[in-house]
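The values are calculated or read from the model by the stated rules, or taken from the named source; none is laboratory data. Source: prediction; values computed, not measured. Don't worry about glycine lacking a Cβ; one is built from the backbone with ideal geometry, like all the others, and counts go over all protein chains shown. Each accessible area value is taken on the protein alone, full model and side chains, heavy atoms only, with ligands, DNA and RNA left out. Shrake-Rupley method; radii C 1.70, N 1.55, O 1.52, S 1.80 Å.
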Amino acid sequence: MNYPCRIADDVVALGRWWGVLVYLVLGAKPVLVDAGPSGHARKIIDAIRSIGISPSTITGIVLTHFDYDHSGSAQELSQELNAPVSIHKADASLLMRPQECPGLRRFLYHPPIPRLLRWRPLQADIELSSGDTLGDWKVLHTPGHTPGSISLVRGTVGLVGDALVYRNCQLRPNVWHLSTNHAQELASAKMLANSGLQIVLPGHYAPSTDPSAVDRLARRLAHGSI
Ligand SMILES: [Zn+2]
């Protein structure tokens, strides 16, 4: 897939940097969904301009979770765009102190890794909760990959962060050893698979615009084959 690419009404996949997809949700109050790794703010802003959107119209940056590959450029983008950073309340403290994350992921934040990745802790401006709305989009708490992972859902379209990945034409939960709670991750995947989604926009690999991929995921989860 070539980026930027309009995936759904009012949703553009701006690009993939270090394998992380950054989305722009258009509408009355355009927001960026995820911010890519550190040092990519300029490239993301260039991608916004390249589709004829003025970066000054962006009203916010929503992080699906705190991981460094999704949050690295959030601070610079926030300053450049004069837009607040939002994240679920359960990941807000991890954005400040990621080494306190449960599970193996905390080791990714031990020195010197953050310094090598030029990742810096960040104080979010807005803490989100499940059920909050961003324009037409509803915030769903889809924990497991991280404690405060969220998805944004509008009708049949879902921006799911790392709650699901789409690879080799299959939707599936992210790799279990990166989850902070595998049971929660499976429960979140089941909830998303049974939410009537047809277009699923994950944080890695590629967007899924194949409705049957969601049905197949729901069946595999129901049969316990994931
Ligand atoms: Zn992640």
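A few points about this structure:
- Test result for Leu77, open to solvent by less than 10 Å² (accessible area, probe 1.4 Å), aliphatic (A, V, I, L, M) and within 16 Å of the ligand (Cβ to nearest atom): no
- Pairs with Cβ under 7 Å, 6+ apart, first in segment 107-132 and more than 20 Å from Ala41 (Cα to Cα), second assigned to a helix (DSSP H, G or I): Tyr109/Pro98; Tyr109/Gln99; His110/Gln99; Glu127/Lys89; Glu127/Ala92; Leu128/Lys89; Ser129/Lys89
- Identity of the residue in segment 166-204, open to solvent by less than 10 Å² (accessible area, probe 1.4 Å) and part of a strand (DSSP E or B), that ends up nearest to Pro37 (Cα to Cα): Pro202
- Residue list for segment 41-52, restricted to those being without any contact (Cβ under 8 Å) to a residue 40 or more places away in the chain, open to solvent by 10 Å² or more (accessible area, probe 1.4 Å) and touching a Pro at 6+ places or on another chain (Cβ under 7 Å): Arg49
- All of Val139, Val153 fail the test of being modelled with pLDDT of 95 or more, away from the ligand (no atom under 16 Å from the Cβ), open to solvent by 10 Å² or more (accessible area, probe 1.4 Å) and out of contact with any helix residue (DSSP H, G or I) (no Cβ under 6 Å at 6 or more places or on another chain), apart from Val153.
- Qualifying residue in segment 23-31 (condition: modelled with pLDDT of 95 or more, over 17 Å from Leu152 (Cβ atoms) and touching a strand residue (DSSP E or B) at 6+ places or on another chain (Cβ under 8 Å)): no
- Restricting attention to segment 1-12, the residues that are closer than 12 Å to Ile48 by Cβ and in a strand (DSSP E or B) total 1.
- Per this entry, Asp34 is not counted among residues that are more than 16 Å from the ligand (Cβ to nearest atom) and of a type in the set (Asp, Glu).
- Residue check, Val175 within 12 Å of the ligand (Cβ to nearest atom), hydrophobic (A, V, I, L, M, F, W, C), more than 16 Å from Val11 (Cβ to Cβ) and in contact (Cβ under 8 Å) with a residue 12 or more places away in the chain: no
- One residue from Ser38, Ser78, Ser56 being farther than 23 Å from Arg154 by Cα and assigned to a loop (DSSP other than H, G, I, E, B): Ser38
- Enumeration of residues in segment 207-217 that are crowded, with 17+ Cβ neighbours inside 10 Å and among the small types (Gly, Ala, Ser): Ser208, Ala213
- Qualifying residue in segment 156-164 (condition: over 12 Å from the mean Cα position of the chain (by Cα) and surrounded by fewer than 21 Cβ atoms within 10 Å (Cβ to Cβ)): yes
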